[in-house]
Amino acid sequence: MKRTTRFRRLVEAPEILVLPGIQDALTARIAEAAGFGAITCGGYAATAALLGAPDTSQLGMMELADHYARITDAVDLPLFVDGDTGFGNTTNVARTIRAYERAGVAGLFIEDQVFPKRCGHMAGKAVVPPEEFAAKLKAALDARQDPDLVIMARTDALAVNGIDDAIDRGRLYREIGADMVFVEAPRDVEQMRRICREIDAPGMANNIEGGLTPVLTPAELQEIGYAVSVHPVATTYAITHAVTRLMRALAADGTTAAVRDAMVDFDTFNRFIGLPDQRAGEQRYADFARDVTAGK
């Protein structure tokens, strides 16, 4: 089954879909080994991994598409990704959809922030007029070749114009044809309930540790009405914490002995990353070449 179809079915299933955020191919493989059915990689995590920089529209569209293609090559999981503001006007949005489809993603969102955008939980955001984003959303929907590709419309209007405008935008975006609608950064459970109640579309809860929105359990979010729960930056935060501990220990002691309990070793990592299977495959080809050249 296509990854797009699998992802669409997971979104539309009665039970809430929990998506772990990954930041690269290695963390995607870790999520796959943990048993998740799908993953997500947003611009925040990708920018941290690729540039060591904040999520402020510093990565270009093709940089993200290339990054996502490497992830989809590494794992078989459906990958849900960040289309930012669409990287320009309706023509640019259409090109973004085509590039992301070639990268093998299962779904993506585009948002109504003014470019250059900011992380949805940062201050100082601005949004474009709804008619401008409506044109970009329609261009995205028209550009997709695979009808199962999930396209989510995101609005950041709550922080700028208030919840009424955010809900009005969400309804408009659903009417245009968005498969999902995401109202970013509600401040409390009552706002979350109102969003799910008043926008007739699968919604997404964005769990940012230390962010503006309450971080709730999947059961709580499903009861509120959400279809998808994401933890898009937890992996990045965990890596930052773990590597900071490692580097401080190494700088202080000249050895990793103090943090070996938080590390895998050489053989464990090689097994995890697939080295034995790679070597076995190479040996099969060597055996084939030996046999065929020997006339067997």
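We did not get these values from a lab; they are worked out from the coordinates using the rules stated. In this text, all values refer to a predicted model and were calculated from it rather than measured experimentally. As a convention, Cβ positions derive from the backbone with ideal geometry for all residues, glycine included, and neighbour counts pool all protein chains shown.
Among beta bridges identified by DSSP and lying wholly in the chain, the antiparallel ones come to about 5 percent. Any idea how far the Cα center of region 5-66 sits from the one of region 82-155, in Å? Region 5-66 and region 82-155 have Cα centres spaced 16 Å from each other. One quarter of the convex hull surface built on the alpha carbon atoms of the chain amounts to 19.4 nm², the projected area averaged over directions.
If you take the alpha carbon atoms of region 221-271 and fit the smallest convex hull around them, that volume is 129 Å³ per residue. For the pair Ala126 and Asp142, the difference between a 0.36 nm per residue extended length and the Cα-Cα distance amounts to 3.2 nm. Positive end of the dipole of region 207-296 (Cβ unit charges, origin at the Cα centre): among Gly295, Val233, Val215, the Cα lying farthest that way belongs to Gly295. Given +1 at the Cβ of Lys and Arg, -1 at the Cβ of Asp and Glu and no other charges, the dipole of region 3-232 around its Cα centre is 320 debye to the nearest 20.
Hydropathy first: keep DSSP H helices in the chain averaging at least 0.0 on Kyte-Doolittle, then drop any whose Cα extent along the axis falls short of 24 Å, and list what survives. TM-like helix candidates: 234-253. Determine the sum of side-chain charges near Arg9: Lys and Arg each +1, Asp and Glu each -1, restricted to other residues whose C-beta is under 13 angstrom from that of Arg9. Here the charged neighbours net out to 0.
For region 91-233, the equivalent ellipsoid derived from the Cα gyration tensor has semi-axes of 23, 17, 15 Å, listed largest first. Take the Cβ atoms of Asp66 and Asn161, set R0 to 35 Å, and the FRET efficiency comes out at 0.50. For the peptides 154-160, 99-105, residues were scored by their other Cβ atoms within 10 Å and the scores averaged per peptide; the highest-first order is 154-160, 99-105.
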